[in-house]
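These notes concern the structure reproduced below.
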Amino acid sequence: MNCRSFIGAVALTTALSSAFAPSADAAIVVSGPVNITIGGVPPGVFLNVVTGQVGTSFSGVPGADLNLFGFGASLTVSGPIVNGAQSPTGGFARFNNSNNVSNLASGALVGDLPNMFFQTINASISTTGPTGSPFLLNSTNNYAGFRFLNEETAQVHYGYVRLSIGATLATRSIIEYAYEDVPGASIFVPAPGAVALLGVAGLVGSRRRR
């Protein structure tokens, strides 16, 4: 490695460590690699991001935080149902008044931001919109932000889910997800490979099954 490459690598590691290193007060909880197929018809798949439990019914996944489903080459996402209604504290991130969930770029923040809104029910994931941030076919670099009510803290937390999409939206799966364990704290969408790099270095909080 030449001097310039070494300096660049050190700078990258320092920046990533600052963004993701756990402390006594904070840690990013990362699922690690998963392969959760998203079903083609409702109810699709339910996921509790705190426990890691997955199932095909809301009643079968206590405290479910995310619901993803679709009809063929369509994909819809929702927050959890609480007392028979969509939870106002859940949902997937979109910018401004777009009806579609945004595919978030590396470095994007997910949180209580002025231009970020959270669709609590039947938000669409699309490869044609919203303008500037549609989801990508034949790609594993698709990131959707979300918020959820953590049953352990009884407060809102923010996270992201990474999706793999094939030649059409009919082929889709969850391959990773993460959340900030400090209530209300924003979370960065990582650069491709950054979470794996930091995981090797021991700088990311691992999945804590309780």
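The values are calculated or read from the model by the stated rules, or taken from the named source; none is laboratory data. Since the model is a prediction, treat every value here as computed from it, not as a measurement. Quick reminder, even Gly has a Cβ in these numbers, built from the backbone with ideal geometry, and neighbours come from all protein chains shown. Heavy atoms of the whole protein, side chains included, go into the accessibility calculation; ligands, DNA and RNA do not. Shrake-Rupley method; radii C 1.70, N 1.55, O 1.52, S 1.80 Å.
For the set Leu109, Leu169, solvent exposure ranked by accessible area (probe 1.4 Å, protein chains only) runs largest to smallest as Leu109, Leu169.
Take the alpha carbon gyration tensor of region 46-176, find the square roots of its eigenvalues, order them as a ≥ b ≥ c, and report rounded if a/c is under 1.5; if not, report prolate when a/b exceeds b/c, else oblate. Mind dumping the intermediate values first?
Numbers: a/c = 1.67, a/b = 1.25, b/c = 1.33.
Oblate, because a/c is 1.5 or more while a/b does not exceed b/c.
Calculated FRET efficiency, Thr131 and Thr168, Cβ-Cβ r, R0 25 Å, to nearest 0.05? Provide the component values of the computation, followed by the final result.
Numbers: r = 21 Å, r/R0 = 0.84.
Once the sixth-power term is evaluated, E becomes 0.75.
Only protein heavy atoms count here; on that basis, with a 1.4 Å probe, Ile121 has an accessible area of about 70 Å².
Hey, can you find the accessible area per residue of region 142-192 for me, probe 1.4 Å, expressed in square angstrom?
Values: 1590 Å² over 51 residues.
Roughly 31 Å² per residue, with all protein chains present.
Largest first, the residues Asp65, Asp112 sort by 1.4 Å accessible area into Asp112, Asp65.
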